[in-house]
Amino acid sequence: MAENNEFIREVDEDYRRDQIARIWKRYNALIISGAILLVAGVGGYNYWRHAERTRAEAASERYDVASRLAKDGKTEEADRDFAAIRTDAPGGYALLARFRLAADAAKRDAAAGAEAYDKLAADTGIGDSLRDLARLRAALLRLDGSDPNAALASLQGLAAPTNAYRHTAREMLGLAALKRGDIEGAGRWFDQISADAETPQGLRQRVDVYAALVAGGPVTVTEAKPENAAPPPITR
């Protein structure tokens, strides 16, 4: 019985070897080509990863150099370098350069900075959170500028319950209302900040101060009259 089993096993092995030989004879070119393509694909992917890593490291060094130039007050050289990074660096560093250029433009001209942030906010190729950040910065630049109504409208959109920048937007809206003398409107924005469980602790402490101002109502400033002024000192 054992001999029969051994004979059957040998026959099976011979059959499998014959099958493999026939498959190899018929498809060896395809098998070799597939193996070559697989190796080439893995090699190509590894080369691409290496190239991307090299580009990112180079962009990081360039960004650091431009940042140091800006810190040293060499604005023109820094802007030139940031503009070059924006043009040819990998996506992340190019985006960082765009935000940095917008911030530097805002230091020189609030309107120009707001326009630069508008372009970032309109870019559908970047994430929604970064677009909202650009909207926020543009609104803050315009809030005390020539177009406060547009700034307020933008901040109201950012004050939505699920927006990542709602805390800053609500604070600015409340302060703007307080500045206009709209005590009731300011109170509503500050109440939203207080009721939000995710409000940062620092902002919550500031809101306590704002709430005291709201509770005090409008402040009336009385102009001093000459007759109420202190008499001049007596000279001897």
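The values are calculated or read from the model by the stated rules, or taken from the named source; none is laboratory data. Just so we're clear, the structure is a prediction, and the values are computed from it rather than from any experiment. Cβ: placed from backbone, ideal geometry, glycine included. Neighbour counts: every protein chain shown. Heavy atoms of the whole protein, side chains included, go into the accessibility calculation; ligands, DNA and RNA do not. Shrake-Rupley method; radii C 1.70, N 1.55, O 1.52, S 1.80 Å.
Quick notes on this one:
- Qualifying position, being open to solvent by 40 Å² or more (accessible area, probe 1.4 Å) and closer than 22 Å to GLY174 by Cβ, among ASP147, ASP132: ASP147
- Residue satisfying condition, being at pLDDT 80 or above and among the aliphatic types (A, V, I, L, M), within set ALA29, ALA97, ALA56: ALA97
- Within region 150-186, considering residues that are of a type in the set (Lys, Arg) and touching a helix residue (DSSP H, G or I) at 6+ places or on another chain (Cβ under 7 Å), the one surrounded by the most Cβ atoms within 10 Å (Cβ to Cβ): ARG170
- Flag for ALA106 being over 23 Å from ARG166 (Cα atoms) and crowded, with 20+ Cβ neighbours inside 10 Å: no
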